[in-house]
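The values are calculated or read from the model by the stated rules, or taken from the named source; none is laboratory data. Here the structure is a predicted model, which means the values were calculated and not measured. Note that each Cβ is placed from the backbone with ideal geometry, even for glycine, and that neighbours are counted across all protein chains shown.
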Amino acid sequence: MSELSVDHLLGIKYLNKTDIELIFETADQFKEVINRPIKKVPSLRDITIANLFFENSTRTKLSFELAEKRLSADVINFSASQSSVKKGETLVDTVNNILSMKVDMVVMRHPNPGAGVFLSKHVKASIINAGDGAHEHPTQALLDSYSIRERLGGVKGKNVVIVGDILHSRVALSNIYALQLQGANVKVCGPKTLIPKYIESLGVKVETNLRKALEWCDVANMLRVQNERMEISYFPSTREYTQQFGVNKTLLDSLDKEIVIMHPGPINRGVEITSDVADSKQAIILDQVENGVAVRMAVIYLLASKIKQ
């Protein structure tokens, strides 16, 4: 059996193309499992996984939890917003306390970039990064690519535009790494104030005109405007943002081809996309949610099989 080249999933930038292919092939098998009447497999009966969320996240947390339970793992949930972290306990202390409970794997979301890497050097457990600040969100990028592969038959050679708040988005960075690794062409589109200066050094072109971006792409991944990460105003008003960078059905229907619409969620309906776009056949947003569980099952399973050795 082939195995991953890494012991942790800290970011897409640590993976190679074969790792991604292996994760997707494994996810294909788990997707079958999820659609059975009995949705569980006993694969990880002897593995204990701690979910450490130092930042709120309903959807990612639920998706991981579901994936873990589908694999029959024992799950400990730790929500740091209402815990001892508020009393000044450090990350290492918190984790060591949890590891003394004999945990094999930690799924962590943390506001500081690099928190997962730091953790992987200090604790004996397999770490999965569920989002570190505005840095990376590897499982989201994997499920996004997996969803493109499912809808379009592959990722290689496809034109993908990521639209919106690129500056604050860990989804954008992980997606850029994952898409390029698989041979896709990537552009970003959004207000100049929300496009990071370094983006072109990643081999990504910037398109400030949404219509041109949509005419170029096969897939548009519409990001949420992350107001909670903004201390200052990056554009005049939400209404103006929507006029320039929001996608509605009229705009979609006026293109001379049918493009695929994605969104990592949660959607601000009427801001980055209108309801009729979100609910249209071109949108694969609900497929992304379903695929998220299968892809996370695959990642957990493949990392756990390295622990067992």
Completion exercise
If we ask which residues in region 77-112 are at pLDDT 90 or above and surrounded by 15 or more Cβ atoms within 10 Å (Cβ to Cβ), their number turns out to be 8
Practice task
Kindly indicate whether Ala141 is in contact with an Asp or Glu (Cβ under 6 Å, 6 or more places away or on another chain), assigned to a helix (DSSP H, G or I), modelled with pLDDT of 95 or more and among the hydrophobic types (A, V, I, L, M, F, W, C).
Solution key: no
Completion exercise
Pairs returned, first residue in region 139-156 that is under 16 Å from Ala67 (Cβ atoms) and touching a residue at least 40 places away in the same chain (Cβ under 8 Å), second residue that is surrounded by 14 or more Cβ atoms within 10 Å (Cβ to Cβ) and among the basic types (Lys, Arg), beta-carbon separation under 8 angstrom, 6 or more apart or interchain, are Thr139/Arg296; Gln140/Arg170; Leu143/Arg296
Exercise for the section: Only one of these is more than 17 Å from Ser147 (Cα to Cα) and not in a helix (DSSP H, G or I): Val277, Val225. Name it. Expected result: Val225
Exercise for the section: Please verify whether region 240-248 includes one or more residues that are among the polar types (S, T, N, Q), surrounded by 23 or more Cβ atoms within 10 Å (Cβ to Cβ) and not in a loop (DSSP other than H, G, I, E, B). Expected result: no
Completion exercise
Apart from one, (1) closer than 22 Å to Val247 by Cβ; (2) surrounded by fewer than 23 Cβ atoms within 10 Å (Cβ to Cβ) all hold for Ile176; the odd one out is (2)
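Okay, residues lined up against (1) surrounded by 17 or more Cβ atoms within 10 Å (Cβ to Cβ); (2) in a loop (DSSP other than H, G, I, E, B); (3) at pLDDT 95 or above:
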{"position": "Glu200", "(1), (2), (3)": "no, no, no"}
{"position": "Leu214", "(1), (2), (3)": "yes, no, yes"}
{"position": "Phe235", "(1), (2), (3)": "yes, yes, no"}
{"position": "Glu258", "(1), (2), (3)": "no, yes, yes"}
{"position": "Gly292", "(1), (2), (3)": "yes, no, yes"}
{"position": "Met297", "(1), (2), (3)": "yes, no, yes"}
{"position": "Ile300", "(1), (2), (3)": "yes, no, yes"}
Problem - Residue, surrounded by the most Cβ atoms within 10 Å (Cβ to Cβ), within region 7-19, restricted to residues that are touching a residue at least 24 places away in the same chain (Cβ under 8 Å) and over 14 Å from the mean Cα position of the chain (by Cα) - result: Leu15
Exercise for the section: Taking Pro264 as meeting all but one of (1) of a type outside the set (Lys, Arg); (2) in a helix (DSSP H, G or I); (3) under 17 Å from the mean Cα position of the chain (by Cα), write down the number of the exception. Expected result: (2)
Exercise for the section: Could you check, for region 184-193, whether at least one of its residues is over 16 Å from Met262 (Cβ atoms), outside any helix (DSSP H, G or I), over 18 Å from the mean Cα position of the chain (by Cα) and among the hydrophobic types (A, V, I, L, M, F, W, C)? Expected result: no
Fill in the blank from the handout: Looking across region 164-183 at residues that are assigned to a helix (DSSP H, G or I), of a type outside the set (A, V, I, L, M) and under 11 Å from the mean Cα position of the chain (by Cα), the single one that is farthest from Ile273 (Cα to Cα) is Ser174
Practice task
Within region 24-51, work out how many residues are in contact with a strand residue (DSSP E or B) (Cβ under 9 Å, 6 or more places away or on another chain) and not small (Gly, Ala, Ser).
Solution key: 7
Practice task
With the condition kept exactly as written, say whether any residue in region 265-285 is of a type in the set (Val, Ile, Thr), modelled with pLDDT under 95 and surrounded by 17 or more Cβ atoms within 10 Å (Cβ to Cβ).
Solution key: yes
Exercise for the section: Tell me, yes or no, whether region 252-265 has at least one residue that is without any contact (Cβ under 8 Å) to a residue 12 or more places away in the chain and within 13 Å of Leu210 (Cβ to Cβ). Expected result: yes
